[in-house]
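After the structure tokens below, expect a handful of questions from me.
The values are calculated or read from the model by the stated rules, or taken from the named source; none is laboratory data. Because the structure is a prediction, the values reported are computed rather than measured. Using ideal geometry, Cβ is built from the backbone for each residue, glycine included, and neighbour counts are taken over all protein chains shown. To get the accessible areas, we keep the full protein, side chains included, count just its heavy atoms, and leave off ligands, DNA and RNA. Shrake-Rupley method; radii C 1.70, N 1.55, O 1.52, S 1.80 Å.
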Amino acid sequence: MPTGQASGVPSSVIASVSRYDDAQRTVGYLRSYGMDAGSLEIVGAGLRQASRRKVVPVVRMTGVSALQGALLGVLAAVFVTLVAATTLTAFAVVLWGFVYGVLVGALWGLFRGLVRNRPDVVRTEIVPTRWEVRCPTDELSVAQTLLADAADVDDNRVERDTIADAPQPAQEHKHAA
């Protein structure tokens with residue numbers, strides 16, 4: 001199903017897990033027993049708003065920019081030695097190009113890092129707290145039976161911990177009369 005579209009078929013929750021990987025493994029388990037992959041859905045539930053600051057390491061950004069500046073400085077120095085007549089040797093021109101490139105690049109990276117790490121720059125996103133595996137209501141009993149059997153049968157198709165929140169098989173209690 002394309003992202004952002006709602007299902008046109010009424011569906012029911014057959015499993016609720018805390019990690020997306022577990023939901024994928026649950027769907028894989030159900031598919032291995034013949035359920036149609038197109039009818040199974042993984043839906044994020046329990047949505048909450050999370051605010052996170054995007055932290056850019058200032059030292060790393062300064063260092064990378066200093067290296068980029070050094071490269072540009074050396075390239076500019078080589079161009080100067082090929083085009084212009086100077087009283088300095090070619091090595092001195094390349095050395096000064098390197099030094100100026102490092103200085104300009106480091107300052108540029110430092111300012112970029114400081115601007116990007118402003119306290120008012122906060123990224124807000126919506127994240128689910130759990131993932132629900134859903135199927136159409138007409139296939140609900142089949143899916144519940146398969147997941148209930150997953151707790152009893154060890155056929156190495158899925159780990160036991162994967163379907164932790166699956167419905168458990170009903171146990172009948174016989175009373176001695």
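Quick check: pseudo-label points 7 Å beyond the Cα along Cα→Cβ at Val78 and Arg112, how many nm apart are they?
The two pseudo-label positions are separated by 2.2 nm.
How much length is gained if the chain between Ala50 and Val99 is pulled fully straight, taking 0.36 nm per residue apart and subtracting their Cα-Cα distance, in nm to one decimal? Don't skip to the answer; put the middle values down first.
Working: separation 49, 0.36 × 49 = 17.64 nm, distance 4.36 nm.
Separation in residues times 0.36 nm, less the Cα-Cα distance, equals 13.3 nm.
Now for a different question. Which shape class, rounded, prolate or oblate, goes with the stretch 77-145 when its Cα gyration tensor gives a ≥ b ≥ c as root eigenvalues, a/c under 1.5 marks rounded, and past that a/b bigger than b/c marks prolate? Can you show the working numbers first?
Numbers: a/c = 7.85, a/b = 3.31, b/c = 2.37.
Cα axes put the stretch 77-145 in the prolate bin.
Tell me, what ³J(HN,Hα) does each residue in the stretch 25-30 have, in order and in whole Hz, if you take phi through Karplus 6.51 cos²θ - 1.76 cosθ + 1.60 with θ = phi - 60° and put x for Gly and Pro?
5, 5, 5, x, 4, 5
Here's another thing I want to ask about it. Using protein chains only and a probe of 1.4 angstrom, how many square angstrom of Leu110 are accessible, to the nearest 10?
60 Å²
Something else about it: At Ala148 and Ala85, where each label point lies 7 Å from the Cα along Cα→Cβ, what is the point-to-point distance in nanometres?
Once both label points are built, they end up 9.7 nm from each other.
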